[in-house]
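Worksheet: one structure, shown below.
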Amino acid sequence: MHLLVVDDEADVETLFRLRFRQEIRTGAFAPRFVTDPLHALSIVENDPVLEVLVTDLNMPRMTGIELLNRVSRLHSPVKTIVLTAYDDMANLRAAMMAGAFDFQVKPLSVDDLRATIAKAVVAVREQLAGEHARRQAHELAERNHFVEEVFGRYVSEDVKVHLLASPDGMGRTERRRVTVLVAEIRAFTTLAENLAPEGVVEVLNSYFDEVADVILRRNGTINEILGDAMLVLFGAPLDDPLAEQHAVAAAIELQLALVDLNRRHRSSGLPELAVAVGVHSGEAVVGTIGSSHRQRYAAVGRHVDLAGRVAREAVGGQVLISAATEVAMGDLVESANTFAVLATATGPAVTMHDVRRLREPLHLTVPDRRHPALTNREQQVAEHAAAGHSSKEIASMLFLSVRTVDSVLLRVYMKLQIEGRGELEAGLTSPVPGMLRSRHRA
């Protein structure tokens, strides 16, 4: 117990050392003695371990009341015990009003003083513990706010706990291998145009609530939500040796969750959703990006863009993964189809796999999907292709780019690969299905 005793009578120090010699000898008490109140005030201000101040009320240069008032302005946790004569009740009352913790009447009772000092020390230590806990809670709240600001609210508990425990690593920028999942709601613009604004929000909120649980269970971090699309990171900000497995499993579980969500939508009179999912793995630059006013954790680079390209080739209800992801999965993936697409005009083709199921131990199967009929553009392009026109000729007739025509033809082809494709083929002039398959054979 760290004490400071201030009294202008020098024999007070002798009394303390005599009466508390055992506590001083064992180190239970660590007293300091001064006769000058100004010196005592300086010690209170500068000694961080001081716990109890014992002061006389009647002293020259500065009274005990004045010392109390000065100490209170320091906002120190130190508790003050005042010593006073038996008949000095006016000063005693003033001292208690000034913030004294307790008082002792001269002549002093050693047992009472010992008990009062112990009580004061307990009060100081409880106060400090409370302040420390409050500081920790405040720091935790600030770090939690930082995590939500930078990483978004869609961070798994495991990731959040790690980030809060290691705040210094939150802003680190590095190059690392990640697996990126991109999910896009197909035809949502058309759907939104036919719904009231409240309905659009209700549909989106129910969708994101559903899929967020799926993503977070697989340790994914929902990095970005842009209208009807979302970008999810696996393997960042935390290392994940099974990032590819977690991402593809999450993609299939997302499609399974959509089956239940659409069932509820049907019963509630809300439109059903068709979500296309693409997954790609590769090296990206990850870290905190932004200005001093607004920062967020992000992944940037060619492989992040490629994940979006894979997703754009998928139709609703489908899970497409790149060859890079498929290789990392080993023999876990069973694909229904494999094809290659030019990612850029000058770059190499990207091989994509249409995932049907994951073998044991994951044992997940993509639900059967039933796609909407062809869009007007897909119907137009398919009919011209069936008539034997080249992509360049179709592009000229419909005022499209050749690349767009090829992309539309690929979407039509993919739709014809699904269960129930006869319904789609019925809407096309023969021999469109056969022709498309010949142009886009895997």
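The values are calculated or read from the model by the stated rules, or taken from the named source; none is laboratory data. What you see is a predicted model; the values in this text were computed from it and never measured. Please note: Cβ atoms are built from the backbone with ideal geometry, for glycine as well, and neighbour counts cover all protein chains shown.
Looking at the stretch 8-23, can you tell me whether even one residue there is of a type outside the set (Gly, Ala, Ser), out of contact with any Phe, Trp or Tyr (no Cβ under 9 Å at 6 or more places or on another chain) and surrounded by 19 or more Cβ atoms within 10 Å (Cβ to Cβ)? No - not one qualifying residue is present in the stretch 8-23.
When each of SER430, SER390, SER396, SER407 is tested for being more than 45 Å from the chain's Cα centre (by Cα) and modelled with pLDDT under 85, the lone residue that passes is SER430.
Do we find that GLU224 is touching a residue at least 24 places away in the same chain (Cβ under 8 Å) and within 18 Å of the chain's Cα centre (by Cα) in this structure? It would help to see each step written out before you state the result.
On the way: touching a residue at least 24 places away in the same chain (Cβ under 8 Å): yes; within 18 Å of the chain's Cα centre (by Cα): yes.
Yes, satisfied.
Taken over the stretch 48-81, the criterion of being touching a residue at least 60 places away in the same chain (Cβ under 8 Å) and either charged (D, E, K, R) or not assigned by TED's automatic domain parsing to the domain that holds PRO107 (or both) is satisfied by GLU51 alone. Quick check: is even one residue across the stretch 35-47 assigned by TED's automatic domain parsing to the domain that holds GLU126, touching a residue at least 60 places away in the same chain (Cβ under 8 Å), within 22 Å of ALA129 (Cα to Cα) and in contact with a strand residue (DSSP E or B) (Cβ under 8 Å, 6 or more places away or on another chain)? Checked against the condition, which is being assigned by TED's automatic domain parsing to the domain that holds GLU126, touching a residue at least 60 places away in the same chain (Cβ under 8 Å), within 22 Å of ALA129 (Cα to Cα) and in contact with a strand residue (DSSP E or B) (Cβ under 8 Å, 6 or more places away or on another chain), the stretch 35-47 yields no hits at all. State the number of residues belonging to the stretch 217-229 that are out of contact with any Leu (no Cβ under 8 Å at 6 or more places or on another chain) and either buried (at least 22 other Cβ atoms within 10 Å of the Cβ) or within 10 Å of ALA298 (Cα to Cα) (or both). Qualifying residue count, the stretch 217-229: 1. Here ASN69, ASN46 are screened, and the one residue that is at pLDDT 85 or above, over 21 Å from PHE16 (Cα atoms) and within 46 Å of the chain's Cα centre (by Cα) is ASN46. Scanning the stretch 272-304 for residues that are more than 16 Å from LEU233 (Cβ to Cβ), surrounded by fewer than 18 Cβ atoms within 10 Å (Cβ to Cβ) and at pLDDT 80 or above yields a count of 1.
For the stretch 246-290, a tally of residues being of a type in the set (Ser, Thr, Tyr) and in a strand (DSSP E or B) returns 2.
For the criterion of being crowded, with 23+ Cβ neighbours inside 10 Å and within 15 Å of the chain's Cα centre (by Cα), VAL232 passes. In a helix (DSSP H, G or I), among the acidic types (Asp, Glu) and assigned by TED's automatic domain parsing to the domain that holds ALA249 - does that describe any residue in the stretch 331-340? Yes - at least one qualifying residue is present in the stretch 331-340. Which residue is nearest to the chain's Cα centre (by Cα), if the candidates are limited to the stretch 105-123 and must be surrounded by fewer than 18 Cβ atoms within 10 Å (Cβ to Cβ) and of a type outside the set (A, V, I, L, M)? Of everything passing the filter in the stretch 105-123, LYS119 is nearest to the chain's Cα centre (by Cα).
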